Amino acid sequence: MVEDILFAVSTPLGFSVRITRTLWELIVTIKHPVMHGRTVDVQDTLRTPDEIRQSRSDPAVFLFYRLECSGRWICVVAKRLNGDGFLITTYPTDTIKEGERVWSK
């Protein structure tokens, strides 16, 4: 079965992050409906983030942040497994989570 990839984007960390249409629909209908229609913002955040942090609970998980407006960020959470990256979730936030900063603009 061929996965129905919605997009795959290269990140500054040297790996690509992909997401299927099915998972994207789950995110924008159930988890974070506010992100509906924002695939370009998510791609831009992965491609050119302001900051990337490594999760404190899982070193394979990275949080990509891009400033949207004063005090508001888009956060894209991705996991790198065996060199392959996939999007876990995305949401707007007003705080950057703790974790080691691994990249910044």
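All distinct Cα pairs of segment 5-97 go into the 1/r average, and the inverse of that average, the Kirkwood radius, is 13.1 Å. Cβ crowding within 10 Å ranks 51, 100 as 100, 51, fewest other Cβ atoms first. Please give the net charge around residue 19, taking every other residue with its beta carbon less than 15 angstrom from that of residue 19, where Lys and Arg add +1 and Asp and Glu add -1. Result for the local shell: +1.
Ranked by how many other Cβ atoms sit within 10 Å of their own Cβ, fewest first, the residues 34, 42 fall in the order 34, 42.
Read the figures in this text as sums done on the coordinates, not as results from a lab. Quantities reported herein were computed from a predicted structural model and do not represent experimental measurements. Quick reminder, even Gly has a Cβ in these numbers, built from the backbone with ideal geometry, and neighbours come from all protein chains shown.
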